[in-house]
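Each reported figure results from applying straightforward, stated rules to the coordinates on display, with no laboratory input. These numbers come from a predicted model, not from an experiment. Cβ coordinates were reconstructed from backbone atoms using ideal geometry, including for glycine residues, and neighbour counts include every protein chain displayed.
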Amino acid sequence: MVKSKVLITVALIVGILITGVLVTATIWPVINDVETGATPEYPDILPQFYNAEPLRVYEESLGAVKSMENWKVVSTDAQTYQIVAERSTRLGFVDDVLIYVEPVTDFATQIRVRSTSRVGRGDFGQNARNIKEFFGAVDERIGALKFDPSKAE
């Protein structure tokens, strides 16, 4: 009697885990590399544009990375306006985040971001969340300077 209850409990737990994996696979695409404007699975994750000179956007982007919990600056290049960062999860997984600040004109700058997981084939949406989290931190600093070039008149 006790043995059958244990087997039923184990079977239920295994069934719940399998169901969880299947449901998760339908929610998030099975990818581990997301780039603004270049990942069809995330058409809403696009480069962001700011009415500011590249150096200011670069400095604010760097400040944003430094201010975020679980993020670490790995390297920077002030000449090319590039930042390499790492974002760690609570489970110890590390994602590499590459941030490209690119001049469009003297006072218009775009930020492109690429976030990749170091392990696994799927990231359960974490790389997309990394990019959104980064842009949220940048917008807290210079969001008033943000613009959408597709809506320019």
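Where in segment 82-138 are there trypsin sites (Lys or Arg not before Pro) that are in a DSSP coil and have at most 13 other Cβ atoms within 10 angstrom of their Cβ? All intermediate terms of the calculation are to be shown ahead of the outcome.
On the way: sites: ARG87, ARG90, ARG112, ARG114, ARG118, ARG121, ARG129, LYS132; in loops: ARG90, ARG118, ARG121.
Passing both the DSSP loop test and the Cβ count: ARG90, ARG118, ARG121.
About the Cα centre of segment 32-151, what is the dipole size in debye to 20, counting +1 per Lys and Arg Cβ and -1 per Asp and Glu Cβ, all else neutral? Please list the in-between numbers first.
Numbers: 14 positive and 19 negative charges, 54 e Å.
Rounded to the nearest 20 debye, it is 260 debye.
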Which order results if SER61, SER88, SER117 are arranged by neighbouring Cβ count within 10 Å, fewest first? SER88, SER117, SER61
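Can you sort ILE18, ILE111 from fewest to most other Cβ atoms within 10 Å of each residue's own Cβ?
On the way: ILE18 10, ILE111 26.
Going from least to most buried by this count: ILE18, ILE111.
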Fewest-first ordering of ASP96, ASP44, ASP123 by Cβ atoms within 10 Å yields ASP44, ASP96, ASP123
Compare THR105, THR36, THR116 in a GNM of the chain, Cα atoms joined below 10 Å, and give the one with the largest fluctuation. THR105
Rg (one decimal) and Dmax (whole number) from the Cα set of the chain, in Å, equal 20.0, 77
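Would you work out the relative contact order for the chain, in percent, from Cα pairs under 8 angstrom that are 6 or more residues apart? Present the calculation step by step, with values, prior to reporting the outcome.
Working: 235 pairs, mean separation 42.3, N = 153.
Value for the chain: 28 percent.
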